[in-house]
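Remarks on the structure that follows.
The values are calculated or read from the model by the stated rules, or taken from the named source; none is laboratory data. Given the structure is predicted, the values throughout are model-derived calculations rather than measurements. Methodologically, a virtual Cβ is constructed for each residue, glycine included, from the backbone with ideal geometry; neighbour enumeration extends over all protein chains shown. Surface accessibility is based on the protein's heavy atoms, side chains included, excluding ligands, DNA and RNA. Shrake-Rupley method; radii C 1.70, N 1.55, O 1.52, S 1.80 Å.
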Amino acid sequence: MNKKKILFSVRDICEIAMLTGLAILLGTFAEIKIGENGGSIGFAMIPLLFICFRHGLLKGFIATGIVYGISTCAIDGYGFHCYPLDYLLAYGSLCIVSLFYKLVFKSESKWKPYFYICLSILIACVLRLAFHVISGMVLWETPFLGSLIYNIAYVGPSCLLCMILFCALYVPFKMLDNKYPVQHRI
């Protein structure tokens with residue numbers, strides 16, 4: 001009998017839904033707003049990054065760019081014309097951390113995982129920043145330097161905060177990953 005490969009198990013869907021919901025709650029209630037035109041410093045990226053590390057590139061992009069992106073775009077109220085750059089691609093770019101999964105969660109070293117956590121989050125935040133800057137230039141007709149300064153004012157501190165918190169939560173995250181491994185990382 002030919003078995004179909006299940007890419008999303010019920011456990012995967014439930015875990016991704018709970019972590020995405022947590023990210024939406026953190027993004028709504030536990031953040032510091034920067035300016036009236038959007039942007040905030042907060043903790044929402046922590047559960048999103050954990051999804052991406054555990055579930056891989058495709059599942060991570062679906063969770064962060066599509067599910068979290070559409071939800072927060074609707075909640076933020078800036079209009080769906082912002083969705084492709086400011087939500088889909090900016091948050092979807094966080095899935096790049098999944099490429100560092102083995103270096104972070106399968107490493108036997110004591111210090112190397114922390115280095116790779118910081119490096120992967122930095123790369124993801126630079127990509128996120130790039131999409132926000134492009135959005136500022138295209139949608140809001142802001143000059144490059146103005147868009148860069150405005151967006152780095154909240155993406156930079158959020159990136160640093162996420163690096164610190166993810167490193168602090170690394171041991172429990174690794175224990176969870178070992179106890180409940182994901183069957184199909186895609």
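Quick look at the numbers
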{"read-out": "Scope region 135-147; condition in contact with a helix residue (DSSP H, G or I) (Cβ under 9 Å, 6 or more places away or on another chain) and either over 23 Å from Leu94 (Cα atoms) or open to solvent by 10 Å² or more (accessible area, probe 1.4 Å) (or both); matching residues", "value": "Met137, Val138, Leu139, Trp140, Thr142, Pro143, Phe144, Gly146"}
{"read-out": "Answer residue from region 177-186, given it is surrounded by 14 or more Cβ atoms within 10 Å (Cβ to Cβ) and over 16 Å from Tyr116 (Cβ atoms) and is modelled with the highest pLDDT among those", "value": "Val182"}
{"read-out": "Unique residue being charged (D, E, K, R), in contact (Cβ under 8 Å) with a residue 60 or more places away in the chain and closer than 22 Å to Leu122 by Cα when the list is Lys59, Lys33, Lys5", "value": "Lys59"}
{"read-out": "Total residues in region 154-170, condition at pLDDT below 95 and farther than 13 Å from Ile41 by Cα", "value": "0"}
{"read-out": "Which numbered condition Tyr154 fails, given (1) out of contact with any helix residue (DSSP H, G or I) (no Cβ under 7 Å at 6 or more places or on another chain); (2) open to solvent by 30 Å² or more (accessible area, probe 1.4 Å)", "value": "(2)"}
{"read-out": "Single unsatisfied condition, Ser40 versus (1) of a type outside the set (Phe, Trp, Tyr); (2) at pLDDT below 95; (3) within 15 Å of Cys162 (Cβ to Cβ); (4) crowded, with 20+ Cβ neighbours inside 10 Å", "value": "(4)"}
{"read-out": "Any hit, region 123-134, residues being charged (D, E, K, R), assigned to a helix (DSSP H, G or I) and open to solvent by less than 50 Å² (accessible area, probe 1.4 Å)", "value": "yes"}
